[in-house]
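The values are calculated or read from the model by the stated rules, or taken from the named source; none is laboratory data. This structure is a prediction, so every number in the text was calculated from the model and none was measured. Note that each Cβ is placed from the backbone with ideal geometry, even for glycine, and that neighbours are counted across all protein chains shown.
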Amino acid sequence: MTRISDQHSDQTTHFGFQTVPESEKAGMVHGVFSRVAGRYDLMNDLMSGGVHRLWKDAMMDWLNPRDGQKLLDVAGGTGDVSFRFLKRAPGAHATVLDMTEPMLIEGRKRAEAERLADRLDWVVGDAMALPFKDNSFDVYTISFGIRNVTRISDALKEAHRVLRPGGRLMVLEFSRIPNDLVQWIYDRYSFGVIPALGQMVTGDRASYQYLVESIRKFPDQDTFAAMIRAAGFAQVKYRNLTMGVAALHSGWKI
């Protein structure tokens, strides 16, 4: 099984607006999500006014889950996307992978409450070095997680590796608004409201400051689509959601 080299100790990357060694970013991201795990789902509702639910429903509409499929939901956290997938395809199976165990623990609680535990696996792991064999899954999803990966291109190559021929990648992520005025308004909200809300709800302003900064560092829709193609995917397309506040990117392993 091909593994991607991790010889990047002398390189730097971004953590929000900070420049940090690549070797340190994963630990910093882990700290962010460990601190906010207990209130993560609540904050998603508050930050987006519940719109993130509509985005995830749009993701499911485009994916069209089917019975018998095996889903790998990377950076799947509390399992929100996997739950939606399984409810649309009761005969499917989902594996939720996340680097932050406290997020998975919250997800397991939800799975038990919703009686989905027998169709879900929970795995602590790294998107850049997935602990699965080649050609193992029919669908790979990652929602609001790819921008936190240290080397996005490595994660996309791993996605291609673990998907079966004919398998599908779908990424839901915050993106760039094409209208400059709307982007300006959105920036005022993001930097002025979200960190303060994070402080109020979770007691952690810094983590939500990072989250809004990380959105601004993520590539625009066309640049990210090109990265997906470079990882080996075909028929790459994207759809803007809410004027480009978020975007869905889709690709196929041919």
_For the stretch 58-69, which positions are assigned to a loop (DSSP other than H, G, I, E, B) and closer than 26 Å to TYR186 by Cα?_
none
*asked:* For a quick check of your reading of the model, give me the residue pairs whose first member lies in the stretch 12-23 and is over 16 Å from ALA206 (Cβ atoms) and outside any strand (DSSP E or B), whose second is of a type in the set (Ser, Thr, Tyr) and at pLDDT below 80, with beta-carbon atoms closer than 6 Å and at least 6 apart or on different chains.
replied: SER23/SER9
_Which of the numbered conditions does SER153 fail, given that it passes all the others? Conditions: (1) among the polar types (S, T, N, Q); (2) in a helix (DSSP H, G or I); (3) within 13 Å of the chain's Cα centre (by Cα)._
(3)
*Tell me which residues, restricted to the stretch 1-55, are modelled with pLDDT of 85 or more, in contact with a helix residue (DSSP H, G or I) (Cβ under 7 Å, 6 or more places away or on another chain) and loosely packed, with under 14 Cβ neighbours inside 10 Å.*
GLN11
_Residue list for the stretch 182-193, filter: within 16 Å of GLY49 (Cβ to Cβ) and under 23 Å from the mean Cα position of the chain (by Cα)_ = TYR186, TYR189, SER190, VAL193
*Which members of the stretch 165-175 meet the condition of being out of contact with any Gly (no Cβ under 6 Å at 6 or more places or on another chain) and surrounded by 15 or more Cβ atoms within 10 Å (Cβ to Cβ)?*
GLY167, ARG168, MET170, VAL171, LEU172, GLU173, PHE174
*Do we have ARG205 as under 30 Å from LYS70 (Cα atoms) and not aliphatic (A, V, I, L, M) here?*
no
_Test result for THR242, in contact (Cβ under 8 Å) with a residue 24 or more places away in the chain and either touching a Ser or Thr at 6+ places or on another chain (Cβ under 8 Å) or under 23 Å from ILE142 (Cβ atoms) (or both)_ = yes
*Going by the conditions given, is GLY77 part of a loop (DSSP other than H, G, I, E, B) and surrounded by fewer than 21 Cβ atoms within 10 Å (Cβ to Cβ)?*
no
*Top-ranked residue in the stretch 38-78 [being small (Gly, Ala, Ser) and within 21 Å of ASN148 (Cα to Cα); ranked as farthest from the chain's Cα centre (by Cα)]*: GLY38
*asked:* Being under 19 Å from the mean Cα position of the chain (by Cα), in a helix (DSSP H, G or I) and either closer than 11 Å to VAL171 by Cβ or not aromatic (Phe, Trp, Tyr) (or both) is true for just one of ALA196, ALA226, ALA206, ALA247. Which residue is that?
replied: ALA226
_Pairs needed: first member in the stretch 130-150, without any contact (Cβ under 8 Å) to a residue 40 or more places away in the chain and more than 17 Å from TRP252 (Cβ to Cβ); second member anywhere, assigned to a strand (DSSP E or B) and not small (Gly, Ala, Ser); C-beta distance under 7 Å; at least 6 residues apart or different chains._
PRO131/VAL123
_Residue within the stretch 229-236 that is in contact with a strand residue (DSSP E or B) (Cβ under 6 Å, 6 or more places away or on another chain), surrounded by 15 or more Cβ atoms within 10 Å (Cβ to Cβ) and farther than 22 Å from GLY50 by Cα present_ = yes
*Answer yes or no as to whether ARG147 is over 29 Å from GLY91 (Cβ atoms), touching a Lys or Arg at 6+ places or on another chain (Cβ under 8 Å), assigned to a helix (DSSP H, G or I) and at pLDDT below 95.*
yes
*Just to be sure, is ARG176 in a loop (DSSP other than H, G, I, E, B) and over 19 Å from ARG151 (Cβ atoms)?*
yes
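Yes/no per residue for (1) without any contact (Cβ under 8 Å) to a residue 12 or more places away in the chain; (2) assigned to a helix (DSSP H, G or I):
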residue: ARG35; (1), (2): no, yes
residue: GLY38; (1), (2): no, yes
residue: MET43; (1), (2): no, yes
residue: ARG53; (1), (2): yes, yes
residue: LYS56; (1), (2): no, yes
residue: PHE85; (1), (2): no, yes
residue: ALA94; (1), (2): no, no
residue: ASP118; (1), (2): yes, yes
residue: ASP121; (1), (2): no, no
